[in-house]
1. Report yes if Arg75 is at pLDDT below 80, surrounded by 12 or more Cβ atoms within 10 Å (Cβ to Cβ) and under 26 Å from the mean Cα position of the chain (by Cα), otherwise no.
2. Do any residues in the range 44-65 that are on the phi > 0 side of the Ramachandran plot and in the same structural domain as Val17 (by TED's automatic domain parsing) have Cβ atoms under 7 Å from those of residues that are surrounded by 10 or more Cβ atoms within 10 Å (Cβ to Cβ) and among the polar types (S, T, N, Q), where the two are at least six apart or on different chains, and which pairs are they?
3. Report the residue count in the range 276-292 for those that are part of a loop (DSSP other than H, G, I, E, B) and either touching a His at 6+ places or on another chain (Cβ under 9 Å) or exposed (fewer than 14 other Cβ atoms within 10 Å of the Cβ) (or both).
4. Of the conditions (1) in contact with a strand residue (DSSP E or B) (Cβ under 9 Å, 6 or more places away or on another chain); (2) modelled with pLDDT of 95 or more; (3) outside any loop (DSSP other than H, G, I, E, B), Leu236 satisfies every one except a single condition; which number is it?
5. Among the residues of the range 27-40, how many are closer than 18 Å to Arg140 by Cβ and modelled with pLDDT of 85 or more?
6. Does at least one position in the range 233-247 carry a residue that is in the same structural domain as Arg174 (by TED's automatic domain parsing) and touching an Asp or Glu at 6+ places or on another chain (Cβ under 6 Å)?
7. For the list (1) within 24 Å of the chain's Cα centre (by Cα); (2) closer than 22 Å to Lys156 by Cβ; (3) at pLDDT 85 or above, I need the number of the one condition that Thr63 fails.
8. Does Ala259 fit the bill of being at pLDDT 95 or above, surrounded by fewer than 20 Cβ atoms within 10 Å (Cβ to Cβ) and at negative phi?
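The values are calculated or read from the model by the stated rules, or taken from the named source; none is laboratory data. Everything quoted here is computed from the prediction, not taken from an experiment. Counting neighbours? That spans all protein chains shown, and the Cβs are built from the backbone with ideal geometry, glycine included.
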Amino acid sequence: MQGKSFNWEDARYFLAVARSGTLGRAAESLNISTITLSRHLSYLQQRTGTPLFTRHSKGLKLTDEGGRLMEYLERAEAEIEAAGEIFGSDANSASGTVRIAAPEGFALRVLTPNLERLLDANPDLRIEIVPQSRGFSLSRREADIAVMVGRPTEAKLDSLLLGSYSLGLFASPRYLERFGTPGSLDELAEHRLVGYVEDLLFSEKLNIPKAVYSGWQSQTAIYSPLGQVEAVKAGLGIGMLHRFLLSPSDELVHLLPEADREREFYLVYHQSTERIPRIRAAIDFLSSLSLE
């Protein structure tokens with residue numbers, strides 16, 4: 001690096017732009033003007049003597065050199081934050097905010113019913129639970145931790161298997177009395193189906209109904225897996241439902257066992273942050289949860 005040494009203000013500005021991908025969002029997160037941030041960024045690139053970003057239609061993208069710099073700075077950021085938490089709080093508990101991105105079903109039926117245990121052990125901890133909408137990226141620090149379906153492929157992320165869950169085709173007795181019971185997957189074409197609003201799916205791999213039956217067309221499309229359970233209970237059609245969201249009192253009928261599928265939940269987090277006490281506490285808690 002040429003001239004003046006790199007300082008933490010430089011690092012903050014650089015990381016904000018690298019994570020958000022645009023000057024506007026980065027400036028907003030830093031509470032400074034876009035003009036000020038642009039000036040700092042230009043000055044930083046002059047001092048490093050190498051381009052750190054390239055422009056594209058949607059904003060800014062890291063160059064190879066920028067990517068390497070981001071790895072170094074994220075490790076430094078994590079060490080600084082970890083030191084601050086260790087020396088600034090009770091050694092027996094974690095403090096601060098942890099943002100967890102999780103699918104709705106997991107968040108409402110697995111995470112929140114058990115969250116009291118984590119908060120009792122860490123009374124100064126604050127938890128934010130957010131959805132994974134289309135375009136969500138853990139690498140851009142849109143959350144500290146994520147629960148995802150399937151193992152992540154990004155090199156900078158670590159993961160732990162939380163457990164597997166099964167899905168199956170279900171209908172209410174009232175629906176079957178009205179429309180009959182399908183004898184094969186092909187006969188689903190003759191039935192009312194309940195499924196996802198496809199263009200709102202975080203990932204196409206979550207579209208299990210289409211994976212089971214390629215001709216699947218939802219007459220009732222609901223973004224929420226819990227909403228789909230309620231729709232099927234109400235007799236609106238046949239749905240591919242998560243079994244861990246069901247209870248015996250739902251009185252639903254399991255159809256076509258050959259359509260059953262299994263998927264896995266993974267706990268995913270940044271390699272550079274797992275030593276931070278608040279992140280470590282959340283990881284340990286989430287890894288102890290059961291889908292049963």
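1. On the way: at pLDDT below 80: yes; surrounded by 12 or more Cβ atoms within 10 Å (Cβ to Cβ): yes; under 26 Å from the mean Cα position of the chain (by Cα): yes.
In short, yes.
2. Correct list of pairs: Gly59/Thr22.
3. First, pick out the residues of the range 276-292 that are part of a loop (DSSP other than H, G, I, E, B): 276, 288-292.
Going one step further and asking which of them are either touching a His at 6+ places or on another chain (Cβ under 9 Å) or exposed (fewer than 14 other Cβ atoms within 10 Å of the Cβ) (or both), we end up with 288, 290, 292.
Summing the residues that are part of a loop (DSSP other than H, G, I, E, B) and either touching a His at 6+ places or on another chain (Cβ under 9 Å) or exposed (fewer than 14 other Cβ atoms within 10 Å of the Cβ) (or both) in the range 276-292 gives 3.
4. Status for Leu236: all satisfied but (3).
5. Summing the residues that are closer than 18 Å to Arg140 by Cβ and modelled with pLDDT of 85 or more in the range 27-40 gives 3.
6. Yes; the residues of the range 233-247 include at least one that is in the same structural domain as Arg174 (by TED's automatic domain parsing) and touching an Asp or Glu at 6+ places or on another chain (Cβ under 6 Å).
7. (1) is the only condition that Thr63 fails.
8. Taking the combined requirement at face value, the residue does not satisfy it.
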